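Every number in this text was worked out from the coordinates using simple rules, so none of it is lab data. This is a predicted model, so every value here is computed, not measured. Every residue, glycine among them, receives a Cβ derived from its backbone with ideal geometry; neighbour counts consider all protein chains shown.
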Amino acid sequence: MAENVTLSSSIRSNLLTLQNTGDLLNRTNSRLSSGKKVSSAIDDAVAYFQAKSLSDRAGDLTDRKANIDQAVSTVKGAINGLESVEKVLVQMKGVVLSAKSATDTERADLATQFNTLAQQLTNLSNDASYQGLNLINSTASSLKVQFSDKSTATMTVDGVNTQFSSLQTGASSGTAGSVAASALAGVGWTSISTAVSSLDSVIDAMDSAISGIRSNVKTLGGNVALLQTRLDFTKNYVNTLTEGSDKLTLANLNEEGANLVSLQTRQQLGIQALSFAGQQEQGVLSLFR
């Protein structure tokens, strides 16, 4: 059985001081390497869980922020599509205006151009999708955006239908209205005696459609502005939450650097003190020589 070694009170005191200094050095080195003064609940349970709550909320809102950012892109894509649809409608109106003073043969060619533009308008409407969602080719489409993880704050952006078939039937709000499909489709333009009045109705329908498109662009523009406001708010709020969490857990590197120098000095002094205490016992041993 090993026997215990009895140390003098001075040596034991110096050893305990050195152990305590070593523990503080390890803690300071850990804070300097990790940058945190609270890394776990053992360090400071209250600060740790408060910081975790804030960082968890920041993480949840970061996910919401990503969704809002994508919603902004979706609506911007719809606006770009509507602006292009308007340009096609203006071209179609120009064709109709030309047909009013054209000959029968010219009207036949212009009707073909009109129908080609109408098909391209439908194609354009169908192509204006973002991540599988198209807000300009169906009134059944909608975009729902969740702003918060703490409340039911949401925003719904309704889709519109700008396909040419919708212009013919007036199916979507602010489009063509009740104009004969055959006239709007560019057929029956070759009879001078009846075409002019029909073309005037088509021009009115095109004006109504253009006006409706512009109104839809304004509505979506307002939605983008609101989404951007919520996006900016969420970004800033996430930064605020993260900053609050950091205040509870991050170490002051300048302070910890100063502590390291102080503890290293204290450790060296402790070693010297332990050496002096050992010399006292060696002096007693010399009496027996």
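Values computed for the structure shown
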| item | result |
| --- | --- |
| Integer Hz, Karplus 6.51/-1.76/1.60 couplings in order for region 151-167, x for Gly and Pro | 9, 9, 5, 9, 9, 10, 10, 7, x, 10, 10, 10, 5, 5, 4, 5, 5 |
| Sites Asp127 and Glu243 - FRET efficiency at Förster radius 45 Å, r taken between beta-carbons, to 0.05 | 0.55 |
| Global size of region 64-235 as Cα Rg and Dmax, reported in angstrom | 19.0, 67 |
| Unsatisfied cross-links (Cα-Cα over 23 Å) in the set Lys65/Lys144; Lys144/Lys235; Lys144/Lys218; Lys100/Lys218 | Lys100/Lys218 |
| Net charge, Met155 excluded, C-beta distance under 13 Å - Lys, Arg +1, Asp, Glu -1 | +2 |
| Positive-end residue, region 64-235 charge dipole about Cα centroid, Cβ charges, pick of Thr116, Ala209, Tyr130 | Tyr130 |
| Pair-distance profile P(r), taking every C-alpha pair of region 38-117, with 10 angstrom steps and integer % | 16, 20, 14, 12, 11, 9, 8, 7, 4, 0 |
| FRET E, pair Gln113, Asp158, Förster distance 41 Å, beta-carbon r, rounded to 0.05 | 0.80 |
| Net charge, Val224 excluded, C-beta distance under 15 Å - Lys, Arg +1, Asp, Glu -1 | -1 |
| Surrounding net charge for Lys100, when Lys and Arg each add one and Asp and Glu each subtract one, Cβ distance under 15 Å | -4 |
| Dipole in debye (nearest 20) - region 64-235, about Cα centre, beta carbon charges: Lys, Arg +1; Asp, Glu -1 | 740 debye |
| Sequence of Val38, Val160 once ranked by neighbouring C-beta atoms within 10 Å, starting from the fewest | Val38, Val160 |
| Spacing of the two label points (7 Å from each Cα toward its C-beta) at Thr103 and Asp43, in nm | 8.9 nm |
| Fewest-first ranking of Ile68, Ile42, using other Cβ atoms within 10 Å as the exposure measure | Ile42, Ile68 |
